[in-house]
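Every number in this text was worked out from the coordinates using simple rules, so none of it is lab data. None of the values given here were measured: they were computed from a predicted structure. Please note: Cβ atoms are built from the backbone with ideal geometry, for glycine as well, and neighbour counts cover all protein chains shown.
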Amino acid sequence: MTELLFGGAGILLFAMGLWSFLVHEPLLRKLIAFNVMGSGVFHILVAISERGALRPDPVPHALVLTGIVVAVSATALALALDRRLDDEDPDG
């Protein structure tokens with residue numbers, strides 16, 4: 001039952017992030033939408049790793065943990081680049 005909850009939440013988060021990524025124009029909103037999509041993928045990976053009464057598969061959990069670290073690092077880099085672009089923008 002929890003697999004369906006995590007899987008459904010992951011699909012919903014991914015769909016909301018994709019919609020927001022396609023609709024909004026500002027770079028910061030696109031970055032937030034991309035992070036929401038990543039959270040959806042993490043939820044789906046956790047849902048896939050569940051195997052009923054057996055112990056869950058640890059490999060997808062390790063991948064999710066690594067993915068969170070990479071997502072935080074990539075978000076920090078994107079925010080720094082966005083700030084640099086805003087500083088150099090003559091119109092802004």
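Out of 61, 24, report the one residue that is in contact with a helix residue (DSSP H, G or I) (Cβ under 9 Å, 6 or more places away or on another chain), within 18 Å of residue 78 (Cβ to Cβ) and not small (Gly, Ala, Ser).
Result of the check over 61, 24: 24.
Residues of region 42-60 being of a type in the set (A, V, I, L, M) and crowded, with 16+ Cβ neighbours inside 10 Å, which ones?
Within region 42-60, 44, 45, 46, 47 qualify.
Inspect region 64-75 for any residue being hydrophobic (A, V, I, L, M, F, W, C), exposed (fewer than 15 other Cβ atoms within 10 Å of the Cβ) and in contact (Cβ under 8 Å) with a residue 40 or more places away in the chain and give the result as yes or no.
For region 64-75, residues hydrophobic (A, V, I, L, M, F, W, C), exposed (fewer than 15 other Cβ atoms within 10 Å of the Cβ) and in contact (Cβ under 8 Å) with a residue 40 or more places away in the chain: absent.
Here is a yes/no grid of residues against (1) within 25 Å of residue 2 (Cβ to Cβ); (2) small (Gly, Ala, Ser); (3) under 15 Å from the mean Cα position of the chain (by Cα):
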{"position": "18", "(1), (2), (3)": "yes, no, yes"}
{"position": "21", "(1), (2), (3)": "no, no, yes"}
{"position": "27", "(1), (2), (3)": "no, no, no"}
{"position": "33", "(1), (2), (3)": "no, yes, yes"}
{"position": "43", "(1), (2), (3)": "yes, no, yes"}
{"position": "76", "(1), (2), (3)": "no, yes, yes"}
{"position": "90", "(1), (2), (3)": "no, no, no"}
